[in-house]
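The values are calculated or read from the model by the stated rules, or taken from the named source; none is laboratory data. A quick note: this is a predicted structure, and the numbers were derived from the prediction, not measured. So basically every Cβ, Gly included, is an ideal-geometry build from the backbone, and we count neighbours across all protein chains shown.
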Amino acid sequence: MTARRDEIAIIGAGLAGCLAACFLARRGHPVALYERRPDPRTGTAERGRSINLALSERGLDALRRIGLDEQVMTDALPMRGRMIHPVEGEPQFQSYSAAGDRAINSISRGALNNALLDAAAELPGVRIVFDHRLVGLDPTDGGLTFDTPHGPVTAKASVVLGADGAGSAVRGQLLAHGLLSESVDFLDYGYKELTLPPLGGDFALEEDALHIWPRGTSMMIALPNPDRSFTCTLFWPNQGAGSFASLDRPDAIERHFAQHYPDVIPLAPDLVDDYQHNPVGVLGTVRCTPWQVNGTVGLLGDAAHAIVPFYGQGANCAFEDVVELDRCLDECADDWAAALPLFQRRRQENAEAIARMALTNFVEMRDKVASPVFQLGRRVEHALERALPGRYVSQYELVSFSTTPYAEVRRRVRRQHRALGVLAGGAALLLVGAIGAALSRGRRA
Ligand code: FAD
């Protein structure tokens with residue numbers, strides 16, 4: 001393998017890596033994109049590994065900038081709200097936006113990755129190298145070592161970007177060289193995917209919603225696919241009652257679903273097979289610092305800040321990273337030594353903000369969405385959004401339908417809640433005053 005010394009090496013041709021390759025090639029940088037897997041455009045997908053994902057405004061904004069949004073949206077299925085499935089009774093729909101017109105989009109992860117690979121491959125200056133698993137990195141000179149089917153291969157690059165996901169080998173190498181510290185907080189929950197095939201040629205459930213079966217300490221969700229199937233994801237505890245570990249025999253699996261997800265049984269002919277054969281994935285939050293070393297090695301996407309998937313924002317956030325990196329390169333005239341630290345300063349507090357919101361949203365989705373108090377709260381919130389357009393905006397709306405930086409979303413939502421608290425307090429005082437006045441009038445009469 002020959003490699004050009006001035007190349008930018010991107011490790012990982014996943015969502016963030018491919019998008020970064022497109023942005024950097026457009027800036028005129030020669031890019032080598034190294035991926036451990038074979039070319040996914042010619043192979044088959046892994047069984048039960050996050051088939052689809054929800055793409056919202058932040059991701060779309062990034063794709064728009066490289067002219068790929070329309071192509072990606074061709075097969076997208078808009079989801080306008082949550083469909084809540086109780087154990088008994090009819091499902092209830094909760095719209096995401098006050099007017100009910102805004103939607104997040106269910107799209108195939110594989111199709112999105114392939115579209116990005118095609119886009120990167122078409123650009124002059126981009127080399128995509130499959131079957132190359134990074135196993136060694138010398139941060140002092142950009143030396144890279146890969147495991148390949150034909151044995152070890154070495155290369156060099158002027159700048160190395162780690163876009164190699166939550167278990168990043170680039171991050172691991174920086175850690176091993178004592179150049180970075182990290183924390184990985186695993187949830188006590190895992191995830192497993194199941195399929196609901198089309199029913200009589202049509203979707204088995206309403207196709208324009210994200211379906212949720214909230215069950216207190218656990219939940220299942222389902223997103224529609226273009227082939228009219230649904231991919232369900234179980235988010236269950238790893239150990240204890242109702243956990244993945246506690247259910248393995250076919251009769252026990254069927255009994256559990258009949259008790260907790262009775263409406264799914266007639267829609268899932270391969271339930272037991274899917275359950276027994278699909279893997280349990282891990283869920284966790286990755287934090288590390290710094291995100292760059294010497295202005296020559298940087299991290300982005302899940303490699304820098306993997307989060308739990310409960311706000312549907314991991315990929316959206318990774319795409320937003322690429323837009324911000326491009327902006328930093330603009331402002332620093334492509335001086336990496338200045339751009340990478342600037343990127344970290346701007347993005348780190350936003351990654352932390354969405355990490356926290358995603359963890360909080362797990363409790364909301366698996367538990368609160370089913371409660372009448374929560375549902376009333378959402379109706380009040382939508383009424384406020386209609387009454388105070390642009391002045392009161394819900395957290396969900398700001399996260400999913402805007403590009404307001406995540407940290408600013410949290411600050412704004414806190415300000416809104418404080419203002420509402422003051423208003424509610426003022427209204428209560430007026431009410432108490434009015435009651436007091438009426439009582440003293442009554443005593444005088
Ligand atoms: P990845 O997509 O993980 O890509 C990393 C790439 O690097 C892969 O191609 C991998 O093969 C390659 N690689 C890894 N190691 C090496 C190595 N040593 N050498 C070379 N290549 C390597 N996000 C959303 O926005 N919306 C959602 O609805 C959503 N749902 C999710 C549901 C689940 C169950 C999960 C687990 C995640 C979900 N996410 C969602 C999060 C989203 O999948 C990630 O945030 C996103 O994939 C991150 O992109 P990335 O490019 O940083 O990493």
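Hey, does the stretch 129-138 have a residue that's among the small types (Gly, Ala, Ser), modelled with pLDDT of 95 or more and over 26 Å from Leu234 (Cβ atoms)?
Among the residues of the stretch 129-138, at least one is among the small types (Gly, Ala, Ser), modelled with pLDDT of 95 or more and over 26 Å from Leu234 (Cβ atoms), which makes the answer yes.
Consider Arg36 against the criteria (1) in a helix (DSSP H, G or I); (2) of a type in the set (D, E, K, R); (3) within 11 Å of the ligand (Cβ to nearest atom): it satisfies all of them except one. Which criterion is unmet?
Arg36 satisfies every listed condition except (1).
Just checking, how many residues over the stretch 238-258 are in contact (Cβ under 8 Å) with a residue 24 or more places away in the chain and either exposed (fewer than 15 other Cβ atoms within 10 Å of the Cβ) or touching a Lys or Arg at 6+ places or on another chain (Cβ under 7 Å) (or both)?
4
Among the residues of the stretch 300-313, which ones are of a type outside the set (A, V, I, L, M, F, W, C) and either buried (at least 24 other Cβ atoms within 10 Å of the Cβ) or more than 8 Å from the ligand (Cβ to nearest atom) (or both)?
Gly301, Asp302, His305, Tyr311, Gln313
Report whether or not Ala54 is farther than 30 Å from Ala99 by Cβ and either out of contact with any Pro (no Cβ under 7 Å at 6 or more places or on another chain) or modelled with pLDDT under 95 (or both).
No, not satisfied.
Would the stretch 139-148 turn up any residue that is crowded, with 22+ Cβ neighbours inside 10 Å, small (Gly, Ala, Ser) and within 16 Å of the ligand (Cβ to nearest atom)?
No, there is no match, as no residue in the stretch 139-148 is crowded, with 22+ Cβ neighbours inside 10 Å, small (Gly, Ala, Ser) and within 16 Å of the ligand (Cβ to nearest atom).
Are there any pairs with C-beta distances below 6 angstrom linking a residue in the stretch 303-318 that is under 17 Å from Thr403 (Cβ atoms) to a residue that is more than 7 Å from the ligand (Cβ to nearest atom) and in a helix (DSSP H, G or I), with the two at least 6 apart or on different chains, and if so which?
Tyr311/Met357; Tyr311/Ala358; Tyr311/Asn361; Gln313/Ile354; Asn316/Arg58; Cys317/Ile354
For the stretch 284-396, please list each of the helices (runs of 4 or more DSSP H) lying entirely inside it that holds at least 2 residues being modelled with pLDDT under 95 and more than 15 Å from the chain's Cα centre (by Cα).
The helices (runs of 4 or more DSSP H) meeting that bar are 336-366, 372-387.
Among the numbered conditions (1) within 26 Å of the chain's Cα centre (by Cα); (2) away from the ligand (no atom under 16 Å from the Cβ), tell me where Asp270 comes up short.
All conditions are met except number (1).
Which residues, taken from the stretch 158-190, are aliphatic (A, V, I, L, M) and near the ligand (Cβ under 10 Å from one of its atoms)?
Result: Ala163, Ala166, Ala169, Val170.
Any chance the stretch 119-132 includes a residue that's in the same structural domain as Asp69 (by TED's automatic domain parsing) and more than 22 Å from Ala25 (Cβ to Cβ)?
Within the stretch 119-132, none of the residues are in the same structural domain as Asp69 (by TED's automatic domain parsing) and more than 22 Å from Ala25 (Cβ to Cβ).
Of all residues being within 30 Å of Ile212 (Cβ to Cβ) and surrounded by fewer than 19 Cβ atoms within 10 Å (Cβ to Cβ) in the stretch 324-352, which is farthest from the ligand (Cβ to nearest atom)? Just the residue, please.
Taking the candidates together, the pick is Glu349.
I'd like the full set of residues that are over 21 Å from Trp213 (Cβ atoms) and either touching a residue at least 24 places away in the same chain (Cβ under 8 Å) or of a type outside the set (Gly, Ala, Ser) (or both), limited to the stretch 90-102.
Ser97, Ala98, Ala99, Asp101, Arg102
Quick one: in the stretch 397-419, of everything that is assigned to a helix (DSSP H, G or I) and polar (S, T, N, Q), which residue is modelled with the highest pLDDT?
Ser400
Quick one: which of Ala155, Ala99 is away from the ligand (no atom under 11 Å from the Cβ), of a type in the set (Gly, Ala, Ser), assigned to a strand (DSSP E or B) and more than 18 Å from the chain's Cα centre (by Cα)?
From the options Ala155, Ala99, the qualifying one is Ala155.
Just to be sure, is Arg65 modelled with pLDDT of 95 or more, more than 21 Å from the chain's Cα centre (by Cα), surrounded by fewer than 21 Cβ atoms within 10 Å (Cβ to Cβ) and under 24 Å from Val159 (Cβ atoms)?
No.
Go through the stretch 348-393 and give me each residue that's of a type outside the set (A, V, I, L, M, F, W, C) and under 19 Å from Leu60 (Cβ atoms).
Asn350
Quick test for you: out of Leu134, Leu112, pick the one residue that is part of a strand (DSSP E or B), near the ligand (Cβ under 10 Å from one of its atoms) and of a type in the set (A, V, I, L, M, F, W, C).
Leu134
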